[in-house]
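For reference, the structure discussed in these notes is given below.
What follows draws every value from the coordinates through simple rules; no lab data is involved. What you are looking at is a predicted structure, and each value in this text was computed from that prediction instead of being measured. A quick note on method: Cβ atoms are made from the backbone with ideal geometry, for glycine too, and the neighbour counts reach across all protein chains shown.
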């Protein structure tokens, strides 16, 4: 057993023994292990190579941010003129380059997380004295140098160590979606605001209006301004930029239309003068400057849910994208005949309309973003309501996190996981009972409460603590980031802030609980109520396979009878063909199930990577975790978070099967709403309770709950909580390890800002 952790206690200590602050003890032990791996010393006093690399900026951001952003800044389309009309023709070498960039993204991020071979050549896996020599031995040294395994990335801050794995995992998924799978340069558009054009043809941005030819092209390529919409994750938007299914919107209002809210009249954005400004859809600026392309790329790369974009998920209120008619056949034929027969760029799918000034947005009651969606995601109407709602969320989530910190730490489970040296709070409860003077009242009450619970009650209390901590963290940091974007970045940068000063770009983080969870069950919990921030990236691989035809032809554009719009599917054009309709419906359901399964699987891998970066550097050569003393197989530990999310997919299937079975038992009789909601709520609660150990065990084992999530502890300041030895004066919770610092390595790329 490691000397850094105490032995298993045989009996409670004497009352005269000083109280043990387990959280402080194991946090100190964690940091000691980290620094011994980062700055090791041997018995001779020399410095062997480090076994871990710190979380460095910008090095750790290369694969997740710098590589995909740099590639997306390269225009994929040229804009030549064909028959006096400018079109966009894809540059095939740039398009094919995406596979190389995608491979580099995967290699770099996995190298940061697990230390892939090849990172040794970057100085991240060398042993001292290695180098490039001459002859056979020199060649062997060169191979060992460039193909030596690297080192995992971690931090003395437990949350940053966990976030390192999350960032690299999500950076890989999102980078592949942006670079390889999505093809967003061809069809993605964002809504921007600009000064209205003057009658003389110019506009407030200084652009001239003498490009009459381009203006004409813009009008030819559009049928209506806003008609149709993108569904979940852009599934209903093809790569030609055509929107192919109309969204049904309710409660729609235009920014200039007045709203009744508690007797007052408001607008969607009270700061925007629609007599002075106009909104427009902006495609990728093929002929723009580097800074214009970078602005567009940075915006799309940070818009995970697509707010303000035409790939917006259907869960959040959003504008309906424009329907773009295909180019005339004469232009496509002319382009094909003028291109080389061997050039793949002559295919019709690679030639798109060009809109030099974007597409106009006309706000009408049927086309403006709805106030809320079917999943009850809401958008703010005014700056005042936006600020108040976010401050309310910040207040309760801050207090919830503070309470979770001072209370859950009384259970050693949240400090070390289920297999730590102290797995049940009996020892802590005995200490609290024998020495009540050293513990604040809340700590004493919680310790007695936890120790008095039966095993099933203790397990249930851990589930409630876990849920409060996770929800508190999500709400707190997300709302703070939204306020920072709107008031700080949007206020300072104004209209050059990628639309950060637009209120409708900040929908609520979660959907409606009753509508989604109680009415739909576990599928509604994850598919409607949860934040949906990663849905576009999680479903990207399957949508890419659908696009390239792996699952056959899936006609998404159908009329109400099941026939494809504009084509004959039976004896009568556009008529109903039951066999074809049933076949397409079956394929769509299979693809939807595959998307759902892939999303849960990728989510599990994402969270498992966080646990890996938090624990990999703690493993001794004998395979023992120096903090928790576990000797389990690392792959088995890695599989636990994956198992949690896979079990959620299984739970959705189980509940769907039970619903079908119940309908057969009751002969299709409609049950009372209260009974259905009670059943759905109980199923969600119990399924999450039975499966949460696979995720929370890993988070606890990683040391994530040793992190201080709030800088000022209100409960400690009021004397209502804290670990043994902590008093009212310990309300400030951050120390020097939470601040970034400069780090200098042996090579220039090993230097940067250490977090």
Take each of the peptides 353-360, 273-280, 722-729, 406-413, average the number of other beta-carbon atoms within 10 Å over its residues, and list them starting from the highest.
406-413, 353-360, 722-729, 273-280
At a 10 Å Cβ-Cβ cut-off, how would you order 192, 747, fewest neighbours first?
747, 192
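Sort 618, 31, 384 by Cβ crowding within 10 Å, fewest neighbours at the top.
Working: 618 26, 31 18, 384 13.
The most exposed by this proxy come first: 384, 31, 618.
Taking the radius of gyration and the Kirkwood hydrodynamic radius from Cα positions alone, what is the Rg/Rh ratio for region 28-112, to two decimal places? Before the final figure, lay out the partial values.
Details: Rg = 22.7 Å, Rh = 16.9 Å.
Looking at region 28-112, the ratio lands at 1.34.
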Between residue 28 and residue 712, how many nm apart are label points set 7 Å from Cα along the C-beta direction?
2.8 nm
Return the Cα extents of region 670-732 along principal axes one, two and three, sorted largest first, each rounded to a whole Å.
59, 28, 19
For region 511-691, alpha-carbon Rg relative to the globular expectation (2.2 N^0.38 Å, N residues)
1.37
Which of the peptides 69-78, 282-291 is most tightly packed, and how do the rest follow, judged by the mean count of other Cβ atoms within 10 Å per residue?
69-78, 282-291
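In what order do 172, 41 fall by count of nearby beta-carbon atoms within 10 Å, going from fewest to most?
Working: 172 26, 41 10.
Going from least to most buried by this count: 41, 172.
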